[in-house]
Amino acid sequence: MSMNYKEIMNKLYEEIIEKVSVGIHAVDYEGKTIIYNNKMRDMEAMDKEDVLHKNVRDVFKFQDNQSSTLLQSLESGTEIVNVKQTYFNNRGIEITTVNNTFPLVVNERILAAVEIATDVTKIERLMRHKVRQSKTDFTFQQIIGESNELIEVISLAKRATRTNSNVLIIGETGTGKELFAQSIHADSDRVHGPYISQNCAALPDSLIEGILFGTTKGAFTGSIDSPGLFEQAQGGTLLLDELNSLNLALQAKLLRVLQERKVRRIGGSKEISIDVRVIATVNEDPIDAVANNRLRKDLYYRLAVVNLLIPPLRERMEDISLLVKEFIKKYNELFNLNVAGISEEVLALFQSHNWPGNVRELEHVIEASMNLINHEQFIELHHLPYQYRQKRKNEATPINHALMESVLTHLDSNLHNQLELFEKQYIELALKKNGQHITNTAQALGISRQSLQYRMKRLGIKAQK
Ligand SMILES: Nc1ncnc2c1ncn2[C@@H]1O[C@H](COP(=O)(O)OP(=O)(O)OP(=O)(O)O)[C@@H](O)[C@H]1O
Ligand SMILES: [Mg+2]
């Protein structure tokens, strides 16, 4: 089939409209849809048939008596620029867009109107979600543990509730950082103010700045007047989770906000005073994070007025029994069971496990095991998830006595030096076996990648390439 020039151009226009990454919706002089592009269908979760050739008034519902910008433009013959609109599609799904709308006027007659829309539903939801999250579930009573290490952190944290100082919580994943942050908030005189938490690793750089500090209308395409989390946390507590994932430029900006106690929205000129307590968390040693350019040193000092170091579970194995008891109690109630405890064998296995996922991992093991229990009184090995049962088979083989003795006669017998030397050689061997691949080696050794890198640094091991 051959096409003339005009047909080719028309086809091309159609294709372009379908392919662009903004929503395009056009109506004729009556308000019936004549163009409804792919992106718009995607944003509004509608099919072409739901909308095309139908009147906009019949398809969408607008909030209160706010009418559609498309219809407004059609009726008034004027251009409407950068207006945010929230409405509902025919299945009641809420949509938020920022629109530029203009009429097509020929010979002073309005023939049609076109809307070009950017989807901000996700941003909008994120912002609102955070505000709704202003509820804390945890208090110090829920922090379980009897080890000296944990009791000491708890008492430090309790002391921090009396001041407004910034707090830095350091701990591996699952050690209870969020638990501590919420408890501090709940015990402080900010308890009636908002508690807002934001994970710095969960969002792209391009979004997080606006989310933290707020945006103004017109600052960038589709931007709206919106308060940032600092403003939303006014009078309360803002938890910045995984701060070491925030890019360094934003860390500098954050430092300024903490120093001046003022924020300025992106594109804004007004400085807004803020009264917010900031709690930040990092999941690695902050000294390492500073050394590796993941945390600005000046920000670190600013935040670390109170430093809470939550030790990993493997360094406070005394807490296991109490935690197990509490988790069994919790799931007895939830699952309507009557489990009394764990068997000796399971306890021994727990005591020898290194718990890379810390307390969260322990809770999951208990929950998973209690899903498998019938009428037994105790959690037995066979109730445990597969990888734990498997682990027993992989348990360390004791080094035979003759070998040990020969080692002892050859080397000085200071235990600490021996262990270090052994650790060094063992890791070097494991690295060699795994082709110097850090992640694989860490996995084979049953430790985290960070932990392996930390040990290599301490023992002076360089990965050979
Ligand atoms: N000492 C504790 N007593 C009781 N429950 C705990 C304790 N520590 C952690 N938990 C539980 O373990 C889970 C993980 O805790 P939390 O979310 O606070 O960890 P986190 O350090 O913030 O982890 P991540 O770095 O992965 O975000 C939660 O369900 C929490 O209730
Ligand atoms: Mg957390």
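The values are calculated or read from the model by the stated rules, or taken from the named source; none is laboratory data. Bear in mind that the values here come from a model prediction, so they are computed numbers and not experimental data. Reconstructed Cβ throughout: ideal geometry from the backbone, glycine too, with neighbour counts over all protein chains shown.
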Looking only at region 80-90, decide whether some residue is farther than 25 Å from Asp225 by Cα and in contact (Cβ under 8 Å) with a residue 40 or more places away in the chain.
yes
Any residue that is farther than 25 Å from Lys84 by Cβ, crowded, with 21+ Cβ neighbours inside 10 Å and either within 16 Å of ligand 2 (Cβ to nearest atom) or not assigned by TED's automatic domain parsing to the domain that holds Arg162 (or both) - is there at least one of those in region 256-278?
yes
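Taking the conditions exactly as written (of a type outside the set (Ser, Thr, Tyr) and crowded, with 17+ Cβ neighbours inside 10 Å), does Ile151 satisfy them or not? Spell out the reasoning first.
Details: of a type outside the set (Ser, Thr, Tyr): yes; crowded, with 17+ Cβ neighbours inside 10 Å: no.
Criteria not met by Ile151.
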Selection from region 133-179 of residues that are of a type in the set (Val, Ile, Thr) and within 16 Å of ligand 2 (Cβ to nearest atom):
Thr136, Ile143, Val153, Val167, Ile169, Ile170, Thr173, Thr175
For helices (runs of 4 or more DSSP H) lying entirely in region 295-371, having 2 or more residues that are within 13 Å of ligand 1 (Cβ to nearest atom) and surrounded by 14 or more Cβ atoms within 10 Å (Cβ to Cβ) picks out 319-335
Looking only at region 1-32, which residues are in a helix (DSSP H, G or I), more than 18 Å from Glu49 (Cβ to Cβ) and β-branched (Val, Ile, Thr)?
Ile8, Ile16
Region 184-222: number of residues that are more than 19 Å from the chain's Cα centre (by Cα), assigned to a helix (DSSP H, G or I) and either away from ligand 1 (no atom under 16 Å from the Cβ) or hydrophobic (A, V, I, L, M, F, W, C) (or both):
2
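Within region 103-113, identify whether any single residue is surrounded by 18 or more Cβ atoms within 10 Å (Cβ to Cβ), out of contact with any Pro (no Cβ under 8 Å at 6 or more places or on another chain) and either of a type in the set (Lys, Arg) or not assigned by TED's automatic domain parsing to the domain that holds Thr216 (or both), and answer yes or no.
There is at least one residue in region 103-113 that is surrounded by 18 or more Cβ atoms within 10 Å (Cβ to Cβ), out of contact with any Pro (no Cβ under 8 Å at 6 or more places or on another chain) and either of a type in the set (Lys, Arg) or not assigned by TED's automatic domain parsing to the domain that holds Thr216 (or both).
Among Lys32, Lys84, which is more than 30 Å from Phe220 (Cα to Cα) and basic (Lys, Arg)?
Lys32
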